[in-house]
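Written below as structure tokens is the structure these notes are about.
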Amino acid sequence: MKSLEKLVKDAVAADNYKSGTKQVLQAAKSSKLIVLSKSLNAADRAKLDEHARSTNVAICEFDGNSVQLGKLCNKPFRVTAIAIQSGTDAQIKAVMDERGA
């Protein structure tokens, strides 16, 4: 979990991320990792899963809900999904290994 939190915080600090389902769908091609909260509804989840598969982007499920993901992104509102556009391949691999994916 620590490597995911660090990756998200670094992306937020560098402003190399998009948040929200619509923004994530638009930014999927240029993203390295998509992070989904547990409170994302099934229809949006299916859309994001399909889009990520077609663009070969890894998906990681955040252990918390949208409020907790929003706090991690320093936002005062709920965030159901984020697309991280920065980070090295090693960082992405560490996150995915940690998640058991």
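The values are calculated or read from the model by the stated rules, or taken from the named source; none is laboratory data. Please read these numbers as outputs of a predicted model, since none were measured by experiment. A quick note on method: Cβ atoms are made from the backbone with ideal geometry, for glycine too, and the neighbour counts reach across all protein chains shown. Side chains are part of the model used for accessible areas, which takes the heavy atoms of the whole protein and leaves out ligands, DNA and RNA. Shrake-Rupley method; radii C 1.70, N 1.55, O 1.52, S 1.80 Å.
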| Summing Lys, Arg as +1 and Asp, Glu as -1, what charge do residues with Cβ under 13 Å from the Cβ of ALA42 carry, ALA42 excluded? | 0
| remark: Residue-normalised value, i.e. accessible area per residue, for the chain at 1.4 Å probe, in Å², stands at 56 Å²
| 222 nm mean residue ellipticity, helices alone, for the chain (DSSP H n ≥ 4; -39,500 (n - 2.57); rounded to 500) | -15000 deg cm²/dmol
| said: Using the crude model of +1 on Lys and Arg Cβ and -1 on Asp and Glu Cβ, and no other charge, please compute the dipole size for the chain relative to its Cα centre, in debye to 20. | reply: 240 debye
| query | Counting only DSSP beta bridges with both residues in the chain, what percent are antiparallel, rounded to the nearest 5? | reply | 65 percent
| query | Where is the GNM fluctuation largest for the chain (alpha-carbon springs, 10 angstrom cutoff): ARG78, ARG45, ARG53? | reply | ARG53
| request: Label the stretch 28-101 by shape, choosing from rounded, prolate and oblate, from the square roots a ≥ b ≥ c of the eigenvalues of the Cα gyration tensor; if a/c is under 1.5 it is rounded, and otherwise prolate applies when a/b is larger than b/c, oblate when it is not. | output: oblate
| Extension reserve of the ASP49-ARG78 stretch, reckoned as 0.36 nm per residue once the Cα distance is removed | 8.4 nm
| field | Candidate lysines - alpha carbon under 22 Å from LYS9, same-chain residues fewer than 8 apart omitted | value | LYS18, LYS22, LYS29, LYS32, LYS38, LYS71, LYS75, LYS93
